[in-house]
Amino acid sequence: MILVFGSINIDLLVPVAALPRPGETVLGGDYALLPGGKGANQALAARRAGAEVMLAGAVGEDAFADAALELLRLDGVDLGLVRRVERPTGCAAIVVGEGGENLIAVAPGANREAVAAVVPDGVLGPDTIVLCQNEVPMAESAALLRRARQANTRTLLNLAPAGPAAPGLLADLDILVVNETEAATLGADPAGLARELRQALIATRGALGASAFLADGSRLEVPALAIEPVDTTGAGDTFVGALAASLDQNLPLDTALRRASAAAGLACLARGAQTAMPDGSAIDAALARLPDR
């Protein structure tokens, strides 16, 4: 099972011909309100990739809350640890250009009220993977990850959006996933950081694929799926969720990375984050199109 502790948002998506520059206003097409948030996205991606998933987090008492949870509920993600709080449901404003690139601003709202204490000790253990991100308070994520490590639970942190990890946290992590921007905030070379982890540092590189720096000093490379992207929103979350689901199935890391890469590529073929995430059969079919290296 995968226990995701993280953010739950509603996304306001605006398609534009070209991304605005600082101080510039651009007119776009019709907006869409879509469910999102890195925690919710990764939970749904893991569920669609074949895992049993429980999500812990917080939403408001407002009209956005049910919309933010709708696809998670339909796909069978366990929402028993999602709290309703007085702050508004988190909201992300996303501007998407014709080439698929995006600009994102997030109002965390209820996500600031996410607390690790809602996760009971009974769900932690060697048959569980705890997956966290950086859109809820890092102190709460760190507290849960440390509890998980003490319970012999596998741990995975996606350090997104970019920001520092809690002091001493790396030793509690099996896997740390970052993109190139997030990796730069860590202030050390990936190979060196990987030696502080229990298994690997994984650096995603968009159309160039991903690299895994293992704690034993070795390295794995995985290519990206050859696609013409429509919208890259949610691709990174799909990668992480599919990776966690594959590891939950006890697949080797190299196989799990290839499955995650294929899933991330497929997620770029439609607009939105959760609405574009592939299921397990689509991921497995796409693996045949993924280059060997």
Check: List, please: which pairs have Cβ atoms under 8 Å, are six or more places apart or on different chains, and start with a residue in segment 1-23 that is closer than 19 Å to residue 240 by Cα and end with one that is outside any loop (DSSP other than H, G, I, E, B) and basic (Lys, Arg)?
Finding: 6/38; 7/38
Item checked: From 177, 136, residue being under 18 Å from residue 240 (Cα atoms) and assigned to a strand (DSSP E or B) -> 177
Next item on the list: May I ask you to say which residue of 226, 210 is surrounded by fewer than 18 Cβ atoms within 10 Å (Cβ to Cβ) and touching a residue at least 40 places away in the same chain (Cβ under 8 Å)?
Entry: 226
Checklist line | From 6, 90, 80, 100, residue being surrounded by 15 or more Cβ atoms within 10 Å (Cβ to Cβ), more than 21 Å from residue 157 (Cβ to Cβ) and not hydroxyl-bearing (Ser, Thr, Tyr) | finding: 100
Note to self: Please verify whether residue 276 is buried (at least 23 other Cβ atoms within 10 Å of the Cβ) and of a type in the set (A, V, I, L, M), treating the condition exactly as stated.
What the structure shows: no
Notebook entry, point to check: Do you know which of the residues in segment 206-239 that are modelled with pLDDT under 90 and charged (D, E, K, R) is farthest from the chain's Cα centre (by Cα)?
Noted result: 228
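Does residue 177 satisfy being in contact (Cβ under 8 Å) with a residue 24 or more places away in the chain and more than 19 Å from residue 257 (Cα to Cα)?
no
The values are calculated or read from the model by the stated rules, or taken from the named source; none is laboratory data. These numbers come from a predicted model, not from an experiment. Every residue, glycine as well, gets a Cβ built from its backbone with ideal geometry; the counts of neighbours run over all protein chains shown.
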